[in-house]
Amino acid sequence: MTLSGGSIIAIKYKGGVMMTADTLLSFGRMARYRGFSRIRSFGDNTLISFTGDHADFTTLMEEMEKEIEHDVQQDDGVVLNASEIHTLLTRILYHHRSDMKPKWTYLIVAGSDKDGKSFLGYIDLYGTHFECDYTATGYAEDLALPMIRREWNPEITEDQAAALLQKCVKVCVARDCKQSSDIQFAKVSETGTSLSRPVKIDCDWSVASYKEIE
Amino acid sequence: MGEFSPYVDNGGTTLAIAGPDFVVIAGDTRLSTGYSILSRDVSKLFKYSDSIVMASSGMQADIAELRKQLLFTIEEYRVDNERDIELDAFYRLLATVLYGKRFFPYYSFNILAGISKEGKGVVYSYDAIGSADARTYGAAGSGQELVISILDAALKRKPDPLSIDEAIELGKSALKQATEREIHTGDSGEMYIIRAGRPAEYITFKLRKD
């Protein structure tokens, strides 16, 4: 058994991409480390977040750092955008699965593409990859995606996006036993990336029926 | 712990129908694993030239890799021969690339559609390891059995030659029928209509999203 991270939810909004993840690393069903940031900002305009094996993700990021360092040494002014980082990570993950040594992670990459348009991409341990307007991994795939499909549209504002994510996370906290209520929000837009400090989602447990039985 | 399986089935259905001087090739755009839909908008069609389109279903990651390998090779062909690759050569190329991975196959089921040197519409149908033959129509993927039955009934003993409008409607309707009964197929459909001496035309159509 290893340390693993839970759900991620990410959506595009008018002017950027917003993403949310809890700050828990689980060891099986034990809540092993709290306060761990599963969203990483990469370069100055890309966010990468993971569900799955923490050690594999760390190794992947080391591989990526090497690639970036190689790029920097070229000294040609080329900086990878989120779309390119998404492709690079896809190739790395597909390579490892073809080697029969998969990196057990589901990744969400957010940022912008070469034209400066918002980018949101998904990759899994097999190398399955695609671009999308919204996506979720882990239990949030079942819990949050239907809610997003119902409410999302391309004109959604930043505030509306934040409210939607908040609503989705609340359901995840209530239903996913491995979801922590300490949540991080992150966004990436023209002005760069920003990562919030962990915030507490307060769920109203007074509605729970065990209160009645007491 | 069980051994890691490097394969996933991402589902989806593709088909192609050839006529005297045209060919249509279509597929749905759903990407799924098991019971969950990963995306409703991932293409199974890939256009290599004005008259060569490949439709692939199976494992999306393997298909992406296969397309990339083919693109490398046809670019090399273009540089070496100073002309674009033609359908008969591409047919052999795809078979060879697939068989080259005989002992760790690409999990992909491909249909190739194009116009032959004689100006006739041709469909080639492949298995995962490159066994292929020329047909007048074909289907592949998770809705293969449903689609092929519909195409058999419509085309096998058809007395008069197939018109292009008939082929387009048959292709669309066969995919729609598969979507009714097969959960890995749906969301939206796309189709290339390839006529002799003309660049391929691209159309999309709606499918059930449930």
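Under the condition of being over 16 Å from A:C168 (Cα atoms), in a strand (DSSP E or B) and touching a Leu at 6+ places or on another chain (Cβ under 9 Å), the residues counted in segment A:18-35 number 7. Within segment A:165-189, the residues that satisfy the criterion of being under 14 Å from A:M18 (Cα atoms) and either polar (S, T, N, Q) or at pLDDT below 90 (or both) are A:Q166, A:Q184, A:S189. Sort out which residues of segment B:2-20 are within 14 Å of chain A (Cβ to nearest Cβ) and either part of a strand (DSSP E or B) or surrounded by fewer than 24 Cβ atoms within 10 Å (Cβ to Cβ) (or both), and write them in order of number. B:G2, B:E3, B:F4, B:S5, B:P6, B:Y7, B:V8, B:D9, listed by residue number. Every listed requirement among (1) on the phi < 0 side of the Ramachandran plot; (2) more than 14 Å from chain B (Cβ to nearest Cβ) is met by A:D75 save one, (1). Within segment B:111-129, the residues that satisfy the criterion of being surrounded by fewer than 24 Cβ atoms within 10 Å (Cβ to Cβ), of a type in the set (A, V, I, L, M) and under 17 Å from B:I193 (Cα atoms) are B:V122, B:V123.
Every condition in (1) surrounded by 16 or more Cβ atoms within 10 Å (Cβ to Cβ); (2) closer than 20 Å to A:L47 by Cβ; (3) away from chain B (no Cβ under 11 Å) is met by A:T157 except one, and the failing one is (1). Of all residues in segment A:54-83, those being out of contact with any Gly (no Cβ under 8 Å at 6 or more places or on another chain) and in contact (Cβ under 8 Å) with a residue 24 or more places away in the chain number 6. I'm told B:R83 meets every condition in (1) within 14 Å of chain A (Cβ to nearest Cβ); (2) more than 25 Å from A:Y94 (Cα to Cα) except one. Can you identify the failing condition by its number? Only one criterion in (1) within 14 Å of chain A (Cβ to nearest Cβ); (2) more than 25 Å from A:Y94 (Cα to Cα) is unmet by B:R83, namely (1).
Scanning segment B:30-44 for residues that are within 13 Å of A:C132 (Cα to Cα), more than 20 Å from the chain's Cα centre (by Cα) and free of Cβ contacts under 8 Å to residues at least 60 places away in the same chain returns a single hit, B:L38. Reported count of residues in segment B:54-108, each being of a type in the set (S, T, Y) and part of a helix (DSSP H, G or I), is 5.
When segment A:97-130 is filtered for residues that are under 23 Å from A:K12 (Cβ atoms), in contact (Cβ under 8 Å) with a residue 40 or more places away in the chain and not aliphatic (A, V, I, L, M), the ones remaining, listed by number, are A:T105, A:Y106, A:G111, A:S112, A:G116, A:S118, A:F119, A:H129. Just one of the listed residues (B:E118, B:E180, B:E169) is charged (D, E, K, R) and either in contact with a helix residue (DSSP H, G or I) (Cβ under 9 Å, 6 or more places away or on another chain) or touching a residue at least 24 places away in the same chain (Cβ under 8 Å) (or both), and it is B:E180. For B:S32, the conditions (1) away from chain A (no Cβ under 14 Å); (2) in a strand (DSSP E or B) are fulfilled apart from (1). The criterion of being of a type in the set (V, I, T) and touching a strand residue (DSSP E or B) at 6+ places or on another chain (Cβ under 6 Å) holds for B:I164.
In this structure, is B:K176 of a type in the set (D, E, K, R) and over 13 Å from B:T13 (Cβ atoms)? Against the criterion (of a type in the set (D, E, K, R) and over 13 Å from B:T13 (Cβ atoms)), B:K176 does not qualify.
To keep it simple, each residue is scored yes or no on (1) more than 9 Å from chain B (Cβ to nearest Cβ); (2) of a type outside the set (F, W, Y); (3) over 30 Å from B:F103 (Cβ atoms); (4) touching a Cys at 6+ places or on another chain (Cβ under 7 Å).
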residue	(1), (2), (3), (4)
A:I85	yes, yes, yes, no
A:S98	no, yes, no, no
A:D113	yes, yes, yes, no
A:Y126	no, no, no, no
A:L145	no, yes, yes, no
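Take the residues in segment B:130-166 that are free of Cβ contacts under 8 Å to residues at least 60 places away in the same chain and part of a strand (DSSP E or B), then tell me which one is surrounded by the fewest Cβ atoms within 10 Å (Cβ to Cβ). Of everything passing the filter in segment B:130-166, B:D133 is surrounded by the fewest Cβ atoms within 10 Å (Cβ to Cβ). Counting just the residues of segment A:1-53 that are in contact (Cβ under 8 Å) with a residue 60 or more places away in the chain and acidic (D, E), which one comes out surrounded by the most Cβ atoms within 10 Å (Cβ to Cβ)? Across segment A:1-53, the extreme among qualifying residues is A:D22. Determine, yes or no, whether A:L89 is touching a Pro at 6+ places or on another chain (Cβ under 6 Å), modelled with pLDDT of 95 or more, within 14 Å of another protein chain (Cβ to nearest Cβ) and within 24 Å of B:P6 (Cβ to Cβ). No, not satisfied.
As for segment B:21-30, it holds at least one residue that is closer than 23 Å to B:K209 by Cβ and either surrounded by fewer than 24 Cβ atoms within 10 Å (Cβ to Cβ) or at pLDDT below 95 (or both). Hey, can you tell me all the residues within segment B:50-62 that are without any contact (Cβ under 8 Å) to a residue 60 or more places away in the chain and more than 11 Å from the chain's Cα centre (by Cα)? Selection gives B:M59, B:Q60, B:A61, B:D62.
All but one of (1) aromatic (F, W, Y); (2) buried (at least 21 other Cβ atoms within 10 Å of the Cβ); (3) over 18 Å from A:G5 (Cβ atoms) hold for A:Y122; state the number of the condition that does not hold. Every condition holds for A:Y122 apart from (3).
The values are calculated or read from the model by the stated rules, or taken from the named source; none is laboratory data. Not measured: the values here are computed from a predicted model. Cβ coordinates were reconstructed from backbone atoms using ideal geometry, including for glycine residues, and neighbour counts include every protein chain displayed.
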